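Worksheet: the structure to be examined is printed underneath.
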Amino acid sequence: MRIVVLLKQTPDTESVVRIASDNKSIVAGDLKWIINPYDEFAVEAALRLKQEHGGTVTIVSWGPQRVVEAIRTALAMGADDGVLIDDPVLEGSDSLGGAKVLAAAVEELKPDVVLCGSRAVDYDEAQRGAMVAELLGWPHLALAVALHSTGSTVTIERPIEGGKVVMEADLPALVTLGGSHAVWKPRYASLPGIMKAKKKPLVMKKAAELGLDASRCGPAAARIRIMSLDPPPERVPGRIIDGDLDTAGKARELVRALHEEARVI
Amino acid sequence: MAKCVCVIAEFHNGSFRRASFEVASEGRRIADALGTSLCAVALGAGVAGKASDLGRYGVEKIYVADDSALESYVAETHVLAAAEIVKKCDPSVVLLPASVNGKDLAARLAARLDAGLAQDCTRIRCENALIKAKRPIFAGKCFAWCEWAEGEMPIISCRPNTMDCITPGGEKKAEVEKVDIALPEARSRVKSIDMDTSGKVELTEAEIIVSGGRGMKGPENFSMLEDLAGALGAAVGASRAAVDAGWRPHSDQVGQTGKVVNPNLYIAVGISGAIQHLAGMGSSKFIVAVNKDSEAPIFSKADYGIVEDLFKFIPAFTEEARKLKSTCS
């Protein structure tokens, strides 16, 4: 089974996000970079599929050279090889532009299944997987919290509001991963894994090598742009319910405040 | 007249989701600002008989694809039907609910129509006939204002519970047009649907959430939070620490990896307030923090703080909440 994982490198979820002076981007200087957690779940799910069905796991990403570290981490977890589309003409692409690049890279690899995170924890676009599937003309199943394959089909379980759905797709298909660390328990890279990863193939590509013109996937093709960033609304400092109240007194005062002041209960 | 505004409603289990009415209401406001009409797309099996429900929220024309193949959400089938109708009504902007299925459909639709999409928007502005949309990024650590160039067709999914529903009117009758779309057999399908019938409130739709963290000390103690939630009509959530420890199901996780919630009231119990948790609940209208550590970062976000042993405080709080409910009802 030939498996491709689409991977994005994102700032660590414990990062403090500061708006840069251009008011359109965030200060990147001191950020710690990680594999987007949902993509890390995809790497884990891909490695389990490989364990069961054999085959290969290829990591595909687009972005600058810093992404090499994220791809090497996935290779150390057990993926076989990687492709990084690092091309300055893609700077300022929107989600659809990025999806076109990824779809073109996937097309060259001709996999049976493509896995990726349902969203990235940086810009929360939640578009990549469904777009790549549409561009490839493939079925896709979104937000998997469990995944199995017979070799010719893939089956997932996905939560929806107030319930869960089991879905199946014929291969080739794309699956986006939901859930959490507790669901997927992504493996850590072992020391031998890290040593081996250094020697695994990682190919650099330009958009043109995938037959893509920047006018189709670069910033000129972007349909949507971020014009400005706002910090979240400041929360007015609240009050600690204390006084000389005992536990019951505090409970009474809190209920009164929520009912009479906040009017939320 | 300018091109119409188009909303794609979500039909589920025989009725439209409430988020569809919020989106229709927002669509009405945008159509008024643009001086144009509002149309809606209704996809589903048996949706034709319910389509007029949308008319009460200011929709003037409803395109209905009533087909057994659209009974349950399958991305490739729904996107085909939605795209055909959107092309037919040629709108200036398309709105959908940012529900689980709505967001998925929006992304596939944007690729199919080569359009720019903004997901999970919390505000839409119309300036000089151009649409701008505000959306949280980094799970709410920051907000981005997005714009589309003139002549583009923005697709916008709207976060449930952030846009006001207009008071439904009864008298206006919308025009309903049935659309027949040839839907080829899909290469993906629903095998089973298992709806929770316990009456549990979904986190992303809850008006009140009671969440527990590491301070709960073990899974057995969450029954205390369930009691409190029962008294308040709330849903129960959890921090990543509690979910990683295996105390609660992953579907309860609130945070940057997990669900982003915006209830009227969020009660954080035994949660210190890691930045990844604060990102997921920081837009709640009111926040209550219960923690015995007065230095916990959660207190900097809380409207009301209680520095107490939660094991003593929560039962007392539950009792007071029950008293209030019994005097109110």
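Read the figures in this text as sums done on the coordinates, not as results from a lab. Since the structure is predicted, the reported quantities are computational estimates derived from the model, not experimental observations. With ideal geometry, Cβ positions are generated from the backbone for all residues, glycine too; neighbour counts draw on all protein chains shown.
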Quick one: work out the % antiparallel among DSSP beta bridges in chain B, nearest 5. 20
So the label point goes 7 Å from the Cα of A:Trp33 along Cα→C-beta, right? Which residues of segment A:102-127 then have their backbone N under 12 Å from it? none
Magnitude of the charge dipole, chain B, Cβ model with Lys/Arg +1 and Asp/Glu -1, debye to 20: 320
Anchor B:Lys292: aspartates and glutamates whose Cα lies under 18 Å away (excluding residues fewer than 8 positions away in-chain): A:Asp242, A:Asp244, A:Asp246, A:Glu253, B:Asp303, B:Glu308, B:Asp309
Give the calculated FRET efficiency between B:Asp194 and A:His53 to the nearest 0.05, with a Förster radius of 41 Å applied to their Cβ-Cβ distance. 0.90
So which GluC sites (Glu not before Pro) in segment A:165-265 pass both tests, a DSSP loop state and at most 11 other Cβ atoms within 10 Å of the Cβ? A:Glu234
Given the peptides B:55-63, A:181-189, arrange them by the average over their residues of other C-beta atoms within 10 Å, most packed first. B:55-63, A:181-189
Out of B:Thr167, B:Thr197, B:Thr36, any idea which swings most in a Gaussian network model of chain B, alpha carbons joined below 10 Å? B:Thr197
Too-long pairs where the Cα-Cα distance tops 26 Å, listed order kept, from A:Lys110/B:Lys259; B:Lys61/B:Lys103; B:Lys259/B:Lys301; A:Lys196/B:Lys259; A:Lys8/A:Lys50; A:Lys8/A:Lys200: A:Lys110/B:Lys259; A:Lys196/B:Lys259
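What's the average, rounded to a whole number, of partner chain beta-carbon atoms within 10 Å of each residue's beta-carbon in B:313-325?
Average neighbour count from other chains, rounded to a whole number: 5.
Please report the antiparallel percentage of the DSSP beta bridges confined to chain A, to the nearest 5.
Values: 16 of 42 bridges.
Within chain A, antiparallel bridges account for around 40 percent of the total.
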Sort B:Ser198, B:Ser37, A:Ser190 so the one with the fewest other Cβ atoms within 10 Å of its own Cβ comes first. B:Ser198, A:Ser190, B:Ser37
Given charges of +1 on the Cβ of Lys and Arg and -1 on the Cβ of Asp and Glu, with all other atoms neutral, how large is the dipole of the protein assembly as shown about its Cα centre, in debye to the nearest 20? 520
Among A:Arg235, A:Arg119, A:Arg72, which one shows the biggest mean-square fluctuation in a GNM of chain A, springs joining Cα atoms closer than 10 Å? A:Arg235
So, in Å, what gap is there between the alpha-carbon centers of segment A:202-225 and segment A:124-180? 26
Could you work out the mean count of beta carbons from other protein chains within 10 Å of each residue's beta carbon in B:97-110? 6
One would report the Cα pair-distance distribution of segment A:2-221, bin width 10 Å, in %, as 8, 35, 38, 17, 2, 0
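Once you keep just the Cα pairs under 8 angstrom separated by 6 or more residues, what percentage relative contact order results for segment A:125-185?
About 36 percent, as a whole number.
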Ignoring everything except DSSP H segments at least 4 long, calculate the 222 nm mean residue ellipticity for chain B; use -39,500 (n - 2.57) per segment, divide by total residues, nearest 500. -8500 deg cm²/dmol
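Mind checking the mean number of beta-carbon atoms from other chains within 10 Å of the Cβ atoms in A:5-18? All intermediate terms of the calculation are to be shown ahead of the outcome.
Working: counts 0, 0, 0, 0, 0, 1, 2, 3, 13, 5, 6, 3, 8, 2.
The mean count of partner-chain Cβ atoms within 10 Å per residue comes to 3.
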Using 13 Å as the cut-off for backbone N distance, which residues of segment B:288-329 belong to the label zone defined by a point 7 Å from the Cα of A:Glu261 along Cα→Cβ? B:288-289, B:302-306
By Cβ neighbour count within 10 Å, fewest first, B:Arg135, B:Arg108, A:Arg223 rank A:Arg223, B:Arg135, B:Arg108
Might you report the magnitude of the Cβ-based charge dipole of segment A:202-244 about its Cα centre, with Lys and Arg at +1 and Asp and Glu at -1, to the nearest 20 debye? 440
15 Å reach of a label modelled at A:Asp170, 7 Å along Cα-to-Cβ, counting backbone N of segment B:69-105: B:76-77
Filtered hits (aspartates and glutamates, Cα-Cα < 13 Å from A:Lys205, offset >= 8 within chain) -> A:Asp86, A:Asp87, A:Glu108
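Of B:Cys328, B:Cys39, B:Cys158, how do they rank once you tally other Cβ atoms within 10 Å and put the fewest first?
Working: B:Cys328 8, B:Cys39 25, B:Cys158 29.
Ordered by Cβ neighbours within 10 Å, fewest first: B:Cys328, B:Cys39, B:Cys158.
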Under 1.5 on a/c is rounded, so check that first for chain B, then, if it is not, pick prolate when a/b is larger than b/c and oblate when it is not; a ≥ b ≥ c are the square roots of the alpha carbon gyration tensor eigenvalues. prolate
Value of [θ]222 nm, deg cm²/dmol, for chain A, DSSP H segments ≥ 4, -39500 (n - 2.57) each, nearest 500: -8500 deg cm²/dmol
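Considering only the protein assembly as shown, what is the antiparallel percent among its DSSP beta bridges, to the nearest 5?
Details: 42 of 115 bridges.
Around 35 percent of the beta bridges assigned by DSSP in the protein assembly as shown are antiparallel ones.
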